[in-house]
Structures are given as C-alpha cells and as structure tokens.
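S.K.: Structure incoming, see below.
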Amino acid sequence: MVRDSLNLRLLIAAGATLIAFFGFTGIALEKAFGDAAKKAIQDRLQAHIYTLLASVELDDKGNLRQPHHLPESRFTTPGSGLYGFIFNDHKLIWRSPSALGVTIPPQSLLSGETRFLRLQEKQDLWVLYYGITWESLDDKPIPMILAVAEDTQSLLRQIKDFRQTLWAWLGGAGILLLIMQGLILRWSLRPLRAMTDDLKDIEAGRKQQLEGRYPSELSGLANNLNILLQSERAHMERYRHTLADLAHSLKTPLAVLRGIDQVDEPCREISSVLSDQVDRMQKLVDYQLQRAAARGGRGTLEPLQVVPVLERIVTSLDKVYASKEVECELTGTECYCFLEEGDLYEFAGNLVDNAYKYCHKLVRVQVAPVSATENQAAGFKLVVEDDGSGIPIILREEVFRRGKRADESTDGHGIGLAVVDEIIQLHHGTLHYSQSRWGGCRWEVFIPHPIQEEADSAQ
Amino acid sequence: MRILIVEDEQTLLDQLKQFFVAKGYAVDAAATAKEAQYIGEEFAIDVAIVDLGLPDFSGLELIKRLRERGCEYPILILTARGRWQEKVEGLEAGADDYLIKPFHYEELWARINALIRRSAGKAHPVLTYGPIELNTVTQELFLNGQPVELTAYEYKVLEYLMLHEGEVVSKTSLTEHLYEQDFERDSNVLEVFIGRLRKKLDPEGTLKPIETLRGRGYRWSLRKTD
C-alpha cells in the first residue's frame, strides 16, 4: 500500500518526523523545566537557610540558643513539608517544630560549603546542607551545619502538571501539523493526480495528450510525455497506413493475376498454380490488412451507440441479400460501447453477414448492455442467430483459423471469423458459439468496457 | 445487356472488359470518374461496376452523383478497401453490392447476374416461360427440356426481352442496351435476330413469345411460370 501511494509515503514520513521532533522537544523541555525547578528549590532552600541562620543566637556561655521566632511559619507547623535542622559535630542540636518525626543524616561540610541532595528514605525530601563556623567571643569557633529540607511532593506535582500541559499542547500541535501536512501534500500533489487522470484518459482513448496546466517542475515532464505520445501515435498511424496501403496496393495486381487465368486462358497447370498462389497471397493480405486496421484494445474518445451501427449494417445487408428476402429482426435497447467505430463495424459486420449468407430466411440480432456483477465487468452483449444449418461440431474449432471455412460452397475467403475472434480478444471480450433456436448458428459476443466507472456513467 | 466498368488500373479494366464481352455484354469502359459519369448519365446502362479509388474523384462520389441524376441501374463496387465501415458507406451512397479485390471472376459474374435479375424483379437465375427456359448463369436455352443453340447476340436480345417481360422495348432502346457505343447500329440486323429467335423458340408458331408492335418495338408476351 505504501508502495502504491506517494501521498501516504509522504504523510508517513512527515508523521514520523513530527513524532520524533515533538518527542525530543518534549523530553528536552521537560528536562529543562525539571532542572529549573530543582534550581529554584535549591535557591529557596538557600534563602530559608539564611533566614534560619539569622534567627540562631548563642548564649553567654557560648551555647546555641534555639531560635524562637522563626520568620517562616511553615517551620513551626508540623508536617508542613518545610523542615529545619542544625547539626554540631554530627549531632543534631536543633530541629524545627515542623520536623517532628523527620530525620535526615548529618553531613561533613566545611564552612561555607553547601550540598544539595535528594533523600528518599522514609520521606522523599530535597535537602540543602550549609556548613558554617560560628565565631564566639571567647574565640572558640563552633562548627555547625544548617540543613533545610522540603518535601519533593510539590515539585513532583509541578513537574507532573507541566508534563501534562506540555504533552497536551505538543500532541495537539502535532495533530494539527499532521492535518496541515496532509492538506499541503494533497494540494501539492494535485498536479501529479491530474497528470495520472490525464494519462488514464489517454490510455482509455478519451484524450490525445496531457492537457492539464502543470507546475513548472512537472511541465517539462508533461511536454516530454506529450512528445512521446504524439511520436508513438504518429508511428502507429504510419505503421497502420503503410500496412493498409501496402495491402491495398497489392490487391489490384492480385486481381489482375487472377484475371489472367479467366481471360487469357493459360495452360491448365500454370492456371492452377497461379490460382492457388493468388488465393494464398489474397488471404495473407486480407488477414494482415484487417489486423492492421484493428486498433487493439484501445478505447475511444467517447461512448459509441451500438444500435445505429447495427441498423446501418442490417440495412446494407438487406440490400446485398435482397433476392434472398431475409427477415432480420434487430432488437436492442440503448447501449454504448467504447470501441473504435471501425472495430465495431468489422466484427458485427462479419457476424451479421455470415448470418445473412448462411440463413434460410431468418436472422435475429440482439444487443443489450451488461451491468457489472461480482464475476463480470460491465460491457455489452451482441447475439447473432440464423436459421441455417449451423456449423458441424468437427468444424467449430476450424472456423476461427484464418483461411479456414466451414462451408466451401459460398463466397468468401475464410478471414471473417478469425478477424472477429481477434478483434474481440484484443478488446478482452468473449465469443461463444451455440445452436440457435432454429438449429442454425448462434454467436454470442461479450465485450467489457475498458474503464468500468466510465461505463456506469454512460449507461 | 450493357455494362459500365469504371477502373483506373488499365490491365484490370482490359481484363474485365474482355471477360464481359465474352459473356455477351456490351461494355463501356472508363478509367476516370468524370468519363464514367458522362457514360453513366448519357447511355442506356443496365449495370455498372465501380472502383472506389479513382484518380479524379472517388467512386463513392460518382455513385452519389449518378443516383442524384436519376440513374437507377444496379451498381457493384469493386474495390481493394474491404473494411465493413467502407462497405456500409458504399452501399449507403447508392451501390447495390460490394466485391473486394482480388476477386473470383465467377463470383463477379454471379453477382452481376443477380443484380440484373433483381433490378428486373426476377429472383431466380432460371427464367421459365412455359416450355421455354433460359438459364442466365450458364446462358443456356431449353425448349421443352431440349437445349437450343443461340448466338451471343441472339442470347442478348432474348435475355433483355425476358427481363423486361410485358414491357414494350423499342428497337432503339434494344440497340442501345445490346451494342457498345461505337457499334454500327442497323435495325435490320435486329429484325433478323428477332426472326431467328422466333423460329428457335416457337418452331410450331403456337406460342408467339415475341410480339411486334408496329412503330413501337417488341414485347415479350409470355408470363413467367415457376
């Protein structure tokens, strides 16, 4: 599926890029936010340390006097999440009222040194240790470590909130960008789609060349394709005309050669050889000429009505076989095909002509559109029946071979049915023989429409 | 019968002319459409063979012009172009039959014969009038089942009269249909042929198949029997 759609390929690539981009962006932002929040906590704890330090005093004996009036009320409220500690010589000498039941390990720090760490023992805490040396009046310095701890819950909550907001926005932006990307791709690839539609129309014979206005990136390709198509068409036409001209120009000399044994009376042996060879050449020329004339499975510019063509054929044959007084019944509803007109004339003409030629009195021609089913494409069906003698079973295969005739008693070269079969096969159709209701031939032709959706709209 | 053959290939034209002369036809040959149009309009043609690819204008156009000018004789198209669409166009232009080159002369002969009979309203190639039977394909005459020898001109006169059964055929008209345009026409010769035919067809003098209408011409007076 990916291989089939350029649009899908680009959408998947753009989607993957967007996911990667937003993924990395989100992780980076989350990390930056976490770091900033951690730094903010550290700064806040540092400020609390200074506050605590300001409220510590020594008594006359040089002992630490416990701070009574703590400026931050959270220090005094148990379980507030903000705890203060003072250590001296690895011994806890003071803890804030809020730190009831909360313990943190002492640290060894030099004066002025700070240590910021996360403790995840009984409680999850951010702790800032700060080493100081208290200078007393008796010049005996007292080393102390002040520590302030804060519950991590608030930070974790902040980070969680931030993460939710961040990913919601990034996700939303991603989806929006993906939709926009899809629309942009659709718009950008529209000329390619137009080119594909044009090529389909050319393939079906509805257009001669790429006619759309393409962007500069594609116009060169479109021009080259048009040149190629024109050249190919001209080549094919030249080929068909050359073959047809060659065949036609051979026919008159062949007619002259055939006339020699009729008019000039050469010796019997020469006459027989001449006649055989002229017959052979004539069959070859007829067959190749009709093959050259068949367009070969290509559609036409527009739908062609089948019934008027059949009416013209039947009227013409009524004239040719006037003395036979054939009763031909042509029945058919409005029915379209997408064949080249000459191809329709050729196969229908040959079939109806055979019916007129071999019937006793009755010919029936029926045409009807065929709707698409699960097993069959849409198309049209032509049935030609006569009340003649039919084709014997042993000859049924033979009649499709060029030059072979089931009935040698009538005029003709044995090319008709071989060409009918060939034209029908070129258009991916089928030709079935069966016995008609009167015991004669019944030919049933089905030719599918080259492009099914066209057929539906035409029908 | 007088036939117009239009064909630009001289050798084929000569062959066709030779063939139809041998069959007892008065042949008018033309290699161009203009010449053919002149002959077709001016002379008493009974049937025409027209090639489609002519040097000045197409055979199709020639047929249309002849039909427009009231020429009603049957026309057979003889052409190398054998596609069904072309056949239909030819027949719609006014032709009555179509034969593709190269062709068998027997087939051409049969078709021309059929066209002439059809234009005269006769479906069967054997024209039967009581004891008289004329096979237009083999050009044989039978009287009471016995073959009767006919010269080419006797046959021509007899066939023409039979195909125009019940009609008064003037001597001029008969001469025009039986002889080529440059043939020296002598009405006495025609009277001799008629006299001979009467003797051959009605030796007893009981049937009286050919009536003479003074100052008007001749009439085949027998009625066709199946």
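S.K.: If I ask for residues that are closer than 30 Å to residue A:271 by Cα and within 8 Å of chain A (Cβ to nearest Cβ), which ones from region B:111-138 would you list?
M.R.: B:114, the sole residue that qualifies.
S.K.: Can you spot a residue in region A:371-384 that is in the same structural domain as residue A:308 (by TED's automatic domain parsing), under 30 Å from residue B:119 (Cβ atoms) and part of a strand (DSSP E or B)? Don't jump to the end; show me each part of the working.
M.R.: The first filter runs over region A:371-384 and keeps only residues in the same structural domain as residue A:308 (by TED's automatic domain parsing), leaving A:371-384.
This time we only want the ones that are under 30 Å from residue B:119 (Cβ atoms), so: A:384.
So of that shortlist, the ones also part of a strand (DSSP E or B) come out as A:384.
Scanning region A:371-384 turns up at least one residue that is in the same structural domain as residue A:308 (by TED's automatic domain parsing), under 30 Å from residue B:119 (Cβ atoms) and part of a strand (DSSP E or B).
S.K.: Separate question: Can you tell me which residue within region B:66-94, out of those that are in a loop (DSSP other than H, G, I, E, B), more than 8 Å from every other protein chain (Cβ to nearest Cβ) and among the small types (Gly, Ala, Ser), is farthest from residue B:18 (Cα to Cα)?
M.R.: Taking the candidates together, the pick is B:70.
S.K.: Confirm whether residue B:76 is closer than 22 Å to residue A:244 by Cβ and either hydroxyl-bearing (Ser, Thr, Tyr) or surrounded by 18 or more Cβ atoms within 10 Å (Cβ to Cβ) (or both).
M.R.: no
S.K.: Given the options A:139, A:161, name the one that is of a type in the set (D, E, K, R) and modelled with pLDDT under 85. Step through it out loud before you land on a result.
M.R.: Working: A:161 fails: modelled with pLDDT under 85.
Result: A:139 is the single residue among A:139, A:161 that is of a type in the set (D, E, K, R) and modelled with pLDDT under 85.
S.K.: Next question. Which one is farthest from residue A:305 (Cα to Cα), of the residues in region A:344-366 that are within 13 Å of another protein chain (Cβ to nearest Cβ) and small (Gly, Ala, Ser)?
M.R.: Once the filter is applied, the top-ranked residue is A:349.
S.K.: Follow-up. If you scan region B:126-162, which residues turn out to be among the hydroxyl-bearing types (Ser, Thr, Tyr) and either surrounded by 15 or more Cβ atoms within 10 Å (Cβ to Cβ) or touching a helix residue (DSSP H, G or I) at 6+ places or on another chain (Cβ under 9 Å) (or both)? Working first, answer last.
M.R.: Step one: filter region B:126-162 for residues among the hydroxyl-bearing types (Ser, Thr, Tyr), giving B:128-129, B:136, B:138, B:151, B:153, B:155, B:160.
Within region B:126-162, B:128, B:129, B:136, B:151, B:153, B:155, B:160 meet the criteria.
S.K.: Would you mind stating whether residue B:88 is at pLDDT 90 or above, within 15 Å of the chain's Cα centre (by Cα), not basic (Lys, Arg) and not assigned by TED's automatic domain parsing to the domain that holds residue B:153?
M.R.: On the way: at pLDDT 90 or above: yes; within 15 Å of the chain's Cα centre (by Cα): no; not basic (Lys, Arg): yes; not assigned by TED's automatic domain parsing to the domain that holds residue B:153: yes.
Judged against the criteria, residue B:88 is not a match.
S.K.: Taking region A:303-334 as the search range and keeping residues that are facing chain B (nearest Cβ under 9 Å) and of a type in the set (A, V, I, L, M), which one is surrounded by the most Cβ atoms within 10 Å (Cβ to Cβ)? Spell out how you get there, then give the answer.
M.R.: Initial filter on region A:303-334 (facing chain B (nearest Cβ under 9 Å)): A:309, A:312-313, A:315-317, A:319-320, A:322-325.
Filter once more, so that each one left must be of a type in the set (A, V, I, L, M): A:309, A:313, A:317, A:320, A:322.
Values: A:309: 21, A:313: 27, A:317: 23, A:320: 22, A:322: 17.
Within region A:303-334, the match that is surrounded by the most Cβ atoms within 10 Å (Cβ to Cβ) is A:313.
S.K.: I've got another one for you. Within the bounds of region A:368-386, is there any residue that is surrounded by 18 or more Cβ atoms within 10 Å (Cβ to Cβ) and within 13 Å of another protein chain (Cβ to nearest Cβ)?
M.R.: no
S.K.: Which residue out of B:51, B:97, B:28, B:46 is without any contact (Cβ under 8 Å) to a residue 40 or more places away in the chain, of a type outside the set (A, V, I, L, M) and either more than 10 Å from chain A (Cβ to nearest Cβ) or at negative phi (or both)? Give the steps one after another, and end with the answer.
M.R.: Values: B:51 fails: without any contact (Cβ under 8 Å) to a residue 40 or more places away in the chain; B:28 fails: without any contact (Cβ under 8 Å) to a residue 40 or more places away in the chain; B:46 fails: without any contact (Cβ under 8 Å) to a residue 40 or more places away in the chain.
After ruling out the rest, the residue left standing is B:97.
S.K.: Same structure again: Go through (1) surrounded by fewer than 15 Cβ atoms within 10 Å (Cβ to Cβ); (2) over 23 Å from residue B:136 (Cα atoms) for residue B:22 and report which single condition fails.
M.R.: It fails just one condition, (2).
S.K.: Restricting attention to region A:117-174, which residues are touching a strand residue (DSSP E or B) at 6+ places or on another chain (Cβ under 9 Å), outside any loop (DSSP other than H, G, I, E, B) and β-branched (Val, Ile, Thr)?
M.R.: Filtering region A:117-174 down to residues touching a strand residue (DSSP E or B) at 6+ places or on another chain (Cβ under 9 Å) leaves A:117-119, A:123-137, A:141-153, A:155-156.
Okay, now just the ones that are also outside any loop (DSSP other than H, G, I, E, B), so A:117-119, A:124-134, A:142-151, A:153, A:155-156.
Result: A:127, A:132, A:133, A:142, A:145, A:148.
S.K.: A further question follows. Tally the residues that are in contact with a helix residue (DSSP H, G or I) (Cβ under 7 Å, 6 or more places away or on another chain) and either within 27 Å of residue A:250 (Cβ to Cβ) or in a loop (DSSP other than H, G, I, E, B) (or both), restricting the search to region B:12-40. Explain how you work it out, then say what you get.
M.R.: Taking region B:12-40 as the starting set, the residues that turn out to be in contact with a helix residue (DSSP H, G or I) (Cβ under 7 Å, 6 or more places away or on another chain) are B:12, B:15, B:18-19, B:23-24, B:26-31, B:33, B:36-37, B:40.
From what is left, the residues that are either within 27 Å of residue A:250 (Cβ to Cβ) or in a loop (DSSP other than H, G, I, E, B) (or both) are B:12, B:15, B:18-19, B:23-24, B:27, B:29-31, B:33, B:36.
Adding up the residues that qualify gives 12.
The values are calculated or read from the model by the stated rules, or taken from the named source; none is laboratory data. A quick note: this is a predicted structure, and the numbers were derived from the prediction, not measured. Heads up, the Cβs are rebuilt from the backbone with ideal geometry, glycines too, and the neighbour counts pull from every protein chain shown.
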